[in-house]
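Some notes on the structure that comes next.
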Amino acid sequence: MTQITPQPGIMEIALYEGGASHVAGIANAVKLSSNENPFGPSDKARDAYAKAVYDLHRYPSSDHSSLRTAIAKVHHLDPKRIICGAGSDEVIAFLCQAYAGPGTEVIHTEHGFAMYRISALAAGATPVEVPERERVTDVDAILEAVTDTTRLVFIANPNNPTGTMIGEGEVARLAEALPPHVLLVLDGAYAEYVEGYDGGASLVDRRENVIMTRTFSKLYGLGGLRIGWGYGPSHVIDVLNRVRGPFNLGTPALAAAEVAVLDTDWADKCRTDNTRLRAWLAEALAEHGVPSDTSTANFILARFARQSQAEACDEHLKSEGIIVRRVGGYKLPHCLRITVGDEASCRRVAHAIGKFMGAVG
């Protein structure tokens, strides 16, 4: 019998399941399951990616200097305090690898992104789930859960899959109340969809115990390239760069991301269209008897009367060639998360849900 065993905690990890992409027997299904930008990346980013193929025989930049400089220019940050990763997932993993481990705890909220728990377990730490209040992050519940062994607190703001967020005053209150041995991680994967929100950057600049993470997978439409970044205190970024692989991002990804972040006109257009269509979709579903919390992201969390109704609606949508996301794994079995697509997709999913709700009476 083999005695080869993994590190403690790893076998507790449930394999991550991404949003479905296909429906058996249906061609050209509408995919609204992974919170992707329906308009894709800007033409400038596509061109930069295409040109990068001529340098595929060269190793990529190891310090990501050009991309960090571009990010810093757009977001008014210090480029030396930016770290880039293969999606913000990798930055989250770096944080757990560097600051958590056996005998320590990592706090996340009950409906928070699955990678917080996964990365904590992979590092040998104990994930600690705290309740939310009506699908909204509860600062007091987080503070009550902090112990001497807590090392990291993860919150997504806006949150996935709920779409809700807490105000900057509440985030600041949390950061100020945490003991000095705890690092607060603000996951801003959807921050770009909130007009005028800096994702927590100003709080990072004021404090030594806060880091924020961001991604190019959502607003910028580069999910297929896996590019993310983090911004934090110098002492944290120095630590993370010590565990980051020197060539963790490829040349095409770096080139596309640099141009994408600088193309602010395209980002503004995508944000504006998402805001308009998100409001339309939420109102249309509410008129059909399907409520949702006010979303600040690029999706809505549609709530049904019970789990069986949500699952039946999902099956109906599949039969209509529409793919959304069940979120039972996020302890929301009576809900479906629906990405805000283009106008045709929004109208199609609203019509299909209206037809389903009319049939069930």
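Points worth noting:
- For the stretch 60-67, the count of residues that are outside any loop (DSSP other than H, G, I, E, B), of a type in the set (Asp, Glu) and at pLDDT 95 or above is zero.
- Among (1) under 27 Å from Ala114 (Cβ atoms); (2) assigned by TED's automatic domain parsing to the domain that holds Tyr116 - the single one Leu77 does not satisfy: (1)
- Among all positions in the stretch 131-152, there is at least one residue which is under 18 Å from the mean Cα position of the chain (by Cα) and among the acidic types (Asp, Glu).
- Only one of Val91, Val23 that is surrounded by 12 or more Cβ atoms within 10 Å (Cβ to Cβ) and either at pLDDT 95 or above or not hydrophobic (A, V, I, L, M, F, W, C) (or both): Val91
- Taking the numbered list (1) without any contact (Cβ under 8 Å) to a residue 60 or more places away in the chain; (2) in contact with a Gly (Cβ under 6 Å, 6 or more places away or on another chain) in turn, Gly87 passes all entries but (1).
- For the residues Gly228, Gly245, the requirement of being in contact with a strand residue (DSSP E or B) (Cβ under 7 Å, 6 or more places away or on another chain) and either within 27 Å of Tyr49 (Cα to Cα) or free of Cβ contacts under 8 Å to residues at least 60 places away in the same chain (or both) singles out Gly228.
- Within the stretch 203-218, restricting attention to residues that are more than 18 Å from the chain's Cα centre (by Cα) and part of a loop (DSSP other than H, G, I, E, B), the residue that is surrounded by the most Cβ atoms within 10 Å (Cβ to Cβ) is Asn209.
- If the condition is being outside any loop (DSSP other than H, G, I, E, B) and over 20 Å from Ser33 (Cβ atoms), then the stretch 271-307 contributes Arg271, Thr272, Thr275, Arg276, Ala279, Glu283, Ala286, Glu287.
- Restricting attention to the stretch 345-357 and to residues that are closer than 14 Å to Ala312 by Cα and touching a residue at least 60 places away in the same chain (Cβ under 8 Å), the residue that is surrounded by the fewest Cβ atoms within 10 Å (Cβ to Cβ) turns out to be Gly354.
- Matching residues, the stretch 308-327, being surrounded by 17 or more Cβ atoms within 10 Å (Cβ to Cβ) and assigned to a loop (DSSP other than H, G, I, E, B): Glu320, Val324, Val327
- Candidate set from the stretch 332-344 (those that are within 22 Å of the chain's Cα centre (by Cα), in contact (Cβ under 8 Å) with a residue 60 or more places away in the chain and surrounded by fewer than 24 Cβ atoms within 10 Å (Cβ to Cβ)); member that is nearest to Ser34 (Cα to Cα): Asp342
- Within the stretch 43-88, tally of residues that are hydrophobic (A, V, I, L, M, F, W, C), more than 14 Å from Ala260 (Cβ to Cβ) and surrounded by 14 or more Cβ atoms within 10 Å (Cβ to Cβ): 5
- Scanning the stretch 195-218 finds one or more residues that are within 30 Å of Lys51 (Cβ to Cβ), of a type in the set (Gly, Ala, Ser) and at pLDDT 95 or above.
- Residue check, Gly103 under 19 Å from the mean Cα position of the chain (by Cα), small (Gly, Ala, Ser) and either outside any loop (DSSP other than H, G, I, E, B) or closer than 28 Å to Asp148 by Cα (or both): no
The values are calculated or read from the model by the stated rules, or taken from the named source; none is laboratory data. None of these values were measured; they are calculated from a predicted model. Using ideal geometry, Cβ is built from the backbone for each residue, glycine included, and neighbour counts are taken over all protein chains shown.
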